[in-house]
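What follows is a single structure, written as C-alpha cells, with notes after it.
We did not get these values from a lab; they are worked out from the coordinates using the rules stated. What you are looking at is a predicted structure, and each value in this text was computed from that prediction instead of being measured. As a convention, Cβ positions derive from the backbone with ideal geometry for all residues, glycine included, and neighbour counts pool all protein chains shown.
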Amino acid sequence: MIRRLRAPLLVAVTAVSLTACIGLGGKTPPFLLTLDADAAPVAGGARTAGEAATLTILIPTAPQKLRTTRIPVQQDEASVAYVKDAQWVEAPSRLFQRLVSETISARTSRVVLDEGQYLTAPGEQLAGQLMEFGVDARTNEAVVVYQAMLVSAGGKTVTQRRFEAREAIGGKVEAKPVGEALTRGANKVAAEVSGWLGG
C-alpha cells in the first residue's frame, strides 16, 4: 500500500555521493513548501457510489532519496545533493497523493477515498511508486515520475502505467523556483492520471 506526500526544497551546488548527501544542519529553512492542486472539487457537491465502486488513492511508495522533506538534486548517475535552506511541509509522497486525489475528484465523477477513509471494501485502488520528485541538474529541470498501478475491486486485475513530467526551473536551483516547477510537474502528472482513469 502507498503513502502520502507534500512540499519542495532547495539545491546544493556541490556534487555529493549518495551516501553523503548534504544536510540542513538543524538550521530552520526560511519557509516551507507545499503542493497546490490546479483543480479542486466544488464545495458542497455530493456524490454517491455503491459498495466497491469507489476509488481509493493510496500513498505511493518512494525510494530512499525521497523519504525526506528535502528536495533531491541529481548531479549525475551516482551523485545526489539537496536543495539548500528549504523543505516540504511533509513527505513528498504524501503531498503528491493528496494532489492526485484532489485532481481526480475535481476532474471526474468518481467518489474518491483516502486509504484511511474506507470502512469496508475500498473499491478500485490506485497505488504505485513516486520514482522521481526532484531536480535533474544536468538539464536544470524539475522531474516528476510516477509509476501508477490500478487494482480492480477484489484485486482480480492490475493495470500499470508510467507518467513523467519535466519542467524547466528557469534559473538557479533555489527553493522558490524549484518548488514552483515541481508543483507544475506534479499537476501535469495528476491531470494525466485523471484522464487515464476517466469518469
Item to check | Partners for LYS172 among aspartates and glutamates (Cα-Cα distance below 19 Å; same-chain residues under 8 apart left out) | outcome: ASP76, ASP85, ASP136, GLU141, GLU180
Checklist entry - Of the cross-linked pairs LYS156/LYS188; LYS65/LYS176; LYS65/LYS156, which ones have a Cα-Cα span greater than 22 Å in the structure shown? => result LYS156/LYS188; LYS65/LYS156
Item to check | Simple spin-label estimate for ASP114 and ALA40 in nanometres, 7 Å along Cα-Cβ | outcome: 1.5
Checklist outcome for this item: Rounded to the nearest whole number, the per residue volume of the convex hull around the C-alpha atoms of region 134-199 in Å³ is 89
Item to check | Under Karplus coefficients 6.51, -1.76 and 1.60, residue-wise ³J(HN,Hα) of region 86-91 in Hz, glycine/proline x | outcome: 7, 7, 6, 6, 7, 3
Item to check | Other-chain or far-sequence residues with amide H under 5 Å of ALA86's (modelled H) | outcome: LEU10
Item to check | Candidates per trypsin sites (Lys or Arg not before Pro) in region 54-116, loop by DSSP, up to 15 other Cβ within 10 Å | outcome: ARG67
